[in-house]
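Undergrad: What follows is a structure written as structure tokens; I'll ask about it next.
Throughout, read-outs are computed from the coordinates displayed, never taken from laboratory work. What you see is a predicted model; the values in this text were computed from it and never measured. A quick note on method: Cβ atoms are made from the backbone with ideal geometry, for glycine too, and the neighbour counts reach across all protein chains shown.
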Amino acid sequence: MTDVADLPDDLPAVRTALIEWYEADHREFPWRETTDPYPILVSEIMSQQTQLGRVEEAWAAFLDTWPTVAALAEADRADVVGFWTDHSLGYNNRAKYLHESARQIVEEFDGEWPTSPEGLQELMGVGPYTANAVASFAFDNGDAVVDTNVKRVLYRAFDVPDDDGVFEATASELLPAGESRVWNNAIMELGGVACGKTPRCDEAGCPWRAWCHAYEVGDFTAPDVPTQPSFEGSRRQFRGRVVRTLGEYDELALDDLGPRIRVDYAPDGEYGREWLRGLVDDLADDGLLAVRADGDSSERDADGDERVLVSLRR
DNA sequence: ATCCCGCTAG
DNA sequence: CTAGCGGGAT
């Protein structure tokens with residue numbers, strides 16, 4: 001049995017306070033207006049590592065383009081990845097995952113959505129968080145979601161130690177049985193509007209002030225979130241530029257692509273053809289690009305190597 | 001600079 | 001277990 005942190009004695013009061021706070025007033029997001037798993041999955045995948053405010057327009061446009069899971073399953077991968085980049089949604093691996101998930105629903109599940117978190121985790125790109133979120137919001141059948149918001153709330157309110165196992169066990173203990181839909185919405189809303197990095201306890205009327213350890217002692221430290229290396233000049237930035245550029249051209253040769261993603265591209269320089277080929281091969285391994293040799297053997301580069309053409313993968 | 005409703009692959 | 005993955009907003 002995994003450790004569960006000490007929680008207040010009156011758990012029913014703690015639960016009721018949060019649910020009533022949420023139901024009295026909360027942000028309106030369109031995906032909270034449906035119980036259809038497809039638009040909910042789209043919103044959850046888009047929301048990973050991306051602010052909700054930037055997801056709204058993209059979510060509507062995505063569903064406008066691919067209104068059903070069957071429509072998405074039939075789409076070209078290149079169009080889905082292109083959409084992702086056009087809407088600046090980041091991590092375009094997630095576009096691939098979403099597309100692959102749609103294919104799985106249609107082909108492996110015969111169009112029938114799993115309704116349990118375990119079943120949903122079979123879908124590509126759906127881990128513990130997303131599985132519980134979709135099971136909750138679509139089917140009211142999830143366990144507690146544990147994301148950085150929930151961790152921060154539990155860490156502050158109930159002094160839960162910074163340990164994933166304890167967070168999960170404690171979050172699960174707190175969840176009122178059979179109410180995962182409203183509960184998971186409510187606790188993430190709390191983390192989003194009242195208990196963010198900068199706490200807004202009184203302004204947001206936090207319903208847990210009476211029990212909150214941080215509020216009592218005035219220490220609003222949050223669990224450490226692993227900091228990312230700087231994006232500027234990173235490999236990630238250049239991967240993004242490659243995908244964005246290929247969204248504008250059907251197919252490009254390496255030496256035509258290179259100058260479009262970095263001004264200092266020189267075929268034989270430090271960041272030249274060899275460097276770009278490595279980047280492109282990784283993107284191809286990730287299933288985002290197609291790389292092929294130019295069939296025309298007269299097209300060879302200065303070193304006599306066969307020319308390589310890259311495109312977004314269909 | 002830091003943050004943002006994580007996940008997959010190794 | 002850790003490394004790697006985009007990019008806009010603040």
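Undergrad: Do you know which residues across segment A:141-162 are among the acidic types (Asp, Glu), without any contact (Cβ under 8 Å) to a residue 60 or more places away in the chain and surrounded by fewer than 20 Cβ atoms within 10 Å (Cβ to Cβ)?
TA: The first filter runs over segment A:141-162 and keeps only residues among the acidic types (Asp, Glu), leaving A:143, A:147, A:159, A:162.
Retained after the next criterion (residues that are without any contact (Cβ under 8 Å) to a residue 60 or more places away in the chain): A:143, A:147.
Answer for segment A:141-162, where residues must be among the acidic types (Asp, Glu), without any contact (Cβ under 8 Å) to a residue 60 or more places away in the chain and surrounded by fewer than 20 Cβ atoms within 10 Å (Cβ to Cβ): just A:143.
Undergrad: Also: I'm checking my understanding of the structure. Among residues of segment A:20-59 that are out of contact with any helix residue (DSSP H, G or I) (no Cβ under 7 Å at 6 or more places or on another chain) and of a type in the set (Gly, Ala, Ser), which one is nearest to residue A:106 (Cα to Cα)?
TA: Looking at residues that are out of contact with any helix residue (DSSP H, G or I) (no Cβ under 7 Å at 6 or more places or on another chain) and of a type in the set (Gly, Ala, Ser), I get A:53.
Undergrad: Suppose we filter segment A:65-110 for residues that are crowded, with 20+ Cβ neighbours inside 10 Å, within 22 Å of residue A:311 (Cβ to Cβ) and away from DNA strand C (no atom under 16 Å from the Cβ); how many remain?
TA: 3
Undergrad: Being among the basic types (Lys, Arg) and assigned to a helix (DSSP H, G or I) is the filter; apply it to segment A:1-47 and report the residue that is nearest to the chain's Cα centre (by Cα). Spell out the reasoning first.
TA: Let us first name the residues in segment A:1-47 that are among the basic types (Lys, Arg), namely A:15, A:27, A:32.
Next, only the ones that are assigned to a helix (DSSP H, G or I) stay: A:15, A:32.
Numbers: A:15: 27, A:32: 17 Å.
Out of the qualifying residues, it is A:32.
Undergrad: Would a scan of segment A:199-213 turn up a residue that is in a strand (DSSP E or B), farther than 30 Å from residue A:35 by Cα and in contact with a Ser or Thr (Cβ under 9 Å, 6 or more places away or on another chain)?
TA: Scanning segment A:199-213 turns up no residue that is in a strand (DSSP E or B), farther than 30 Å from residue A:35 by Cα and in contact with a Ser or Thr (Cβ under 9 Å, 6 or more places away or on another chain).
Undergrad: So which residues in segment A:239-265 are under 16 Å from residue A:308 (Cα atoms) and in a loop (DSSP other than H, G, I, E, B)?
TA: Matches in segment A:239-265: A:249, A:250, A:251.
Undergrad: To continue, here is another question. Any residue at all in segment A:120-128 that's more than 8 Å from DNA strand B (Cβ to nearest atom) and either on the phi < 0 side of the Ramachandran plot or of a type in the set (A, V, I, L, M, F, W, C) (or both)?
TA: Scanning segment A:120-128 turns up at least one residue that is more than 8 Å from DNA strand B (Cβ to nearest atom) and either on the phi < 0 side of the Ramachandran plot or of a type in the set (A, V, I, L, M, F, W, C) (or both).
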